[in-house]
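Okay, so here's the structure we're looking at.
The values are calculated or read from the model by the stated rules, or taken from the named source; none is laboratory data. If you're wondering where the values come from, they're calculated on a predicted model, not measured in any experiment. Cβ placement follows ideal geometry from the backbone for every residue including glycine, while neighbour counts extend to all protein chains displayed. Just the protein is used for accessible areas: all its heavy atoms, side chains included, with ligands, DNA and RNA removed. Shrake-Rupley method; radii C 1.70, N 1.55, O 1.52, S 1.80 Å.
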Amino acid sequence: MRKAIRFRLLYLLFAVATYVLGFTLLPETISSSFDQILSAGFLIAYFVILPAVFWFCVIKIGEQKKWKIIIPFSIASVVARYSMPDTLASYFEFLSLVRYPIIAILLIIEFVVIYHVVSMLWKSRKLKGDPRINTLIDNIDADDKKREITLIMASEPASWYYAIPKFTRNHTATLTNLSLLSAKRWHFALVLLGLIAVTWVSYSLLILWSEIAAIIVASVIFYCIVSVTASHRISRRFSVYCHNNHLIVNATFFNLLFVPLSHLKACEAGEWKCDKEQLKIGRGTANIKLTFSIPVYWFTLMGTFCERPTEVYLCVDAPHELVNSLNTGYLTTGDLSAGTTNDNIDKSACA
């Protein structure tokens, strides 16, 4: 596991533990000096320690944009509203006061998303590739924030695009497939069963507190079935392909490597034992090494995080077929494998 991912998980575990302890230990009212000290300690943890940990683990180590620091502060405000004693929670009452405007805005966003999804799916009848890829190609020169937001927005129609087999009948031909556990049918069945179980457990626990919250949370969790189905079909059939002069590597639906072919310097087949800091996509021993002339885009968690690697290792089913396909069909600015130049590559095959 690479350092950036380890530190993201470290922050996530620390944040979850802090919030769970807050809901468990904080009293409903402040009746003693100990309660005051405890409440002050959790306020510091929510609004000082957790943002500092986020800054170090996610922004600095993970090389993410600084504006994402609003994430821990936003979550802390919500948690403080419902976990702090009444006298302190009242300072966060503004979250309740603005819930109706927020609900109205969310409804508008939902209708916009529904319209966007339906229109994108209608266009997908004739599309040959992932709606996310077309969005990235159109916004590749945009600033990082706009590019990531458009990718996240495009992930919704993309999940339906891949989840429904009829929409992918015109999909670009696959060069090879990654070796992924999510491509196994038994794994897909277990994930579906787990998703149903988590939906039922969340509803059963939250119904004791709020029926509305129980319905919302359970519905959101169960809705993930679309993404899970899309992830299985991508892993099984559409994990490595070329589209509009770009090499696309889908490590499930949630992770995407986007490589303009003009940036692909070398593609080599062999065997590599990768260390923890090298980006390896797929299960098993790496058998493909991709080297880029300039950093490319590696999006994780549906575009929430973006990294810029210059070297990537893949575990694919047919490594030599991938190298041959790229060497004989796709134009680049440099060598695609040792001893093979781009002088005899036919660009017409990469349209």
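Quick look at the numbers
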{"quantity": "Pairs beyond 26 Å (Cα-Cα), from Lys166/Lys289; Lys65/Lys289; Lys184/Lys280; Lys65/Lys166; Lys68/Lys265", "calculated": "Lys166/Lys289; Lys65/Lys289; Lys65/Lys166; Lys68/Lys265"}
{"quantity": "Span from the segment 3-63 Cα centroid across to the segment 143-190 one, whole angstrom", "calculated": "34"}
{"quantity": "Ile164 paired with Lys60, simple spin-label distance in nm, labels 7 Å along Cα-to-beta-carbon", "calculated": "4.8"}
{"quantity": "Förster radius 25 Å - calculated FRET efficiency between Leu9 and Phe47 (Cβ-Cβ, nearest 0.05)", "calculated": "0.65"}
{"quantity": "Net +/- balance of residues flanking Thr176 in space, Cβ distance below 14 Å, scoring K and R +1, D and E -1", "calculated": "0"}
{"quantity": "Packing-based ranking, highest mean first, of 294-307, 60-73 given that Cβ atoms within 10 Å are counted", "calculated": "294-307, 60-73"}
{"quantity": "Evaluated over segment 1-99, the Cα radius of gyration and Dmax, each in Å", "calculated": "14.8, 47"}
{"quantity": "Global geometry of segment 234-324, whether rounded, prolate or oblate, following the gyration tensor of its Cα atoms and the 1.5 cut on a/c", "calculated": "rounded"}
{"quantity": "Evaluated at q = 0.12, 0.13, 0.17, 0.24 Å⁻¹: base-10 log I(q)/I(0), Debye formula over Cα of segment 164-233", "calculated": "-0.45, -0.51, -0.72, -1.03"}
{"quantity": "Calculated over segment 156-292: convex hull of Cα atoms, volume per residue (Å³)", "calculated": "141"}
{"quantity": "Fully extended contour minus Cα-Cα distance, from Thr291 to Phe222, at 0.36 nm per residue", "calculated": "20.9 nm"}
{"quantity": "Gained length - Thr174 relative to Ser204, 0.36 nm times residue gap less alpha-carbon distance", "calculated": "6.5 nm"}
{"quantity": "Highest-first arrangement of 36-46, 250-260, where packing means the average Cβ count within 10 Å", "calculated": "250-260, 36-46"}
{"quantity": "Probe 1.4 Å - accessible area at His243, Å² to nearest ten", "calculated": "20"}
{"quantity": "Those chymotrypsin sites (Phe, Trp or Tyr not before Pro) in segment 197-233 that DSSP places in a loop and that have at most 16 other beta carbons within 10 Å", "calculated": "Trp209"}
